[in-house]
Amino acid sequence: MVSRRGSTQRRNLPCIRRSLPLPHASNEVTAMKNAYLSSILGAGFALLAALSNGTVGVLSRSAFSEGLDPTAVAFWRCGIALSLLSIVILLRSGGLARLLAAFTGSWKIAVCSTLGIFTLYHFETQAFAYAPIPLVAILVFTGGLGAIALDILILKERVTTRKAFAMTIVFLGGYFLIAGDGMMAGSIIGISLALIAGLGYASFIFAWKFFKLRSTLETFWWFLAYGFAMLAVPYAWSGAPIPSGNTFPALLALGIIPSFCGFYCTILALQHIEAYKTQVIESSEPFFSALFAAVFFGEWLTGPGMLAALAIIVGALITSVPERGAISIQVRPIGEGD
């Protein structure tokens, strides 16, 4: 009888096990929840980055209205962001050691800084003094998509039908935007400066990819430091004007919001979602630039100008979404060792 009861218990045991929740099923549910929350966080950080970067035009124009020239605005904007980042790095455990270690081979960062800080900051800020904010924002954004052309010409990336279509849309959108709103604004100088800034931005994106640099706080510090040193040259050439107390709020906002938070939020977004998703969301930056310009300065694009700008943004969205078979690459977490 004992053996029969034991046999019965053994036969019923599998049924009892099936009625209990399986550990691996619970882990899968938890992982799905974490992945969902991570994607929400990533999208939020990317949107915050676009929102932050969209404030550059109105904040720069505010500094101009207080008597600062564009060279001073670009110089102090970068300097304030560098100071804030220095504090953040020094407060982190081992931050100084990682910062010094990142100096090795930093000539690559210097090249990227020449394009992404000096060229972008200097010429974009100059452009805001000559042309409407929405026009400058869209033209700089258009130039940024020139990174695709550099990838094709130098990295020999395959020209797909979708890439060719997107580049055609962007080119036509940029042409009609310049031919329409650009001529109406009467600022050939502003248009030229914005296109130079956009070309610098495109070259920066390409160089960062070409050198395979990592997006860490320490890399960002050297990126800003090299750019700060370069921006000091035109600032000194213009007489190195000292900002007055009235300009401090606008300069502080420029250093914190677009210069520091914009880049930092992009890094945080890349820790949670794929790079292409980050690019798609951050393609909304020109929209925020135009919105802020309309609210604070009453500057609008014309109807055809808005259609041209929409075509440019659509082209950006098309290029940002990976094609079939493409592999999405995410950067490693901030501060993670090599």
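What follows is calculated from the coordinates using simple rules that are stated; it is not laboratory data. Quick caveat, the model's predicted, so the values are computed rather than measured. Neighbour counts are summed over all protein chains in view; Cβ atoms, including those assigned to glycine, are modelled from backbone coordinates with ideal geometry.
When R92, R61 are sorted by how many other C-beta atoms sit within 10 angstrom of their C-beta, beginning with the fewest, the order is R92, R61.
Select from region 178-268 those trypsin sites (Lys or Arg not before Pro) which occupy a DSSP coil region and have at most 12 other Cβ atoms within 10 Å, ordered by residue number.
Values: sites: K209, K212, R214; in loops: K212, R214.
Listed in order of number, the matching sites are K212.
I'd like the Kirkwood hydrodynamic radius of region 22-140, using the inverse of the mean 1/r over distinct C-alpha pairs, in Å. Walk me through the intermediate numbers first.
Values: mean 1/r = 0.0560 Å⁻¹.
Computed over Cα pairs of region 22-140, the Kirkwood hydrodynamic radius comes out at 17.9 Å.
Arranged by the count of other C-beta atoms within 10 angstrom, fewest first, what order do L82, L96 take? Numbers along the way, then the final one.
Working: L82 21, L96 13.
The fewest-first ordering by Cβ neighbours comes to L96, L82.
Expressed in units of 2.2 N^0.38 Å, where N is the residue count, the Cα radius of gyration of region 40-320 is 0.97.
How big is the charge dipole of region 40-320 about its Cα centre, in debye rounded to the nearest 20, if each Lys and Arg gets +1 on its Cβ and each Asp and Glu gets -1 on its Cβ? The partial results should precede the final answer.
Working: 13 positive and 11 negative charges, 164 e Å.
Dipole about the Cα centre, nearest 20: 780 debye.
Annotation: the residues K277, K156, sorted from fewest to most other C-beta atoms within 10 Å of their own C-beta, follow the order K156, K277.
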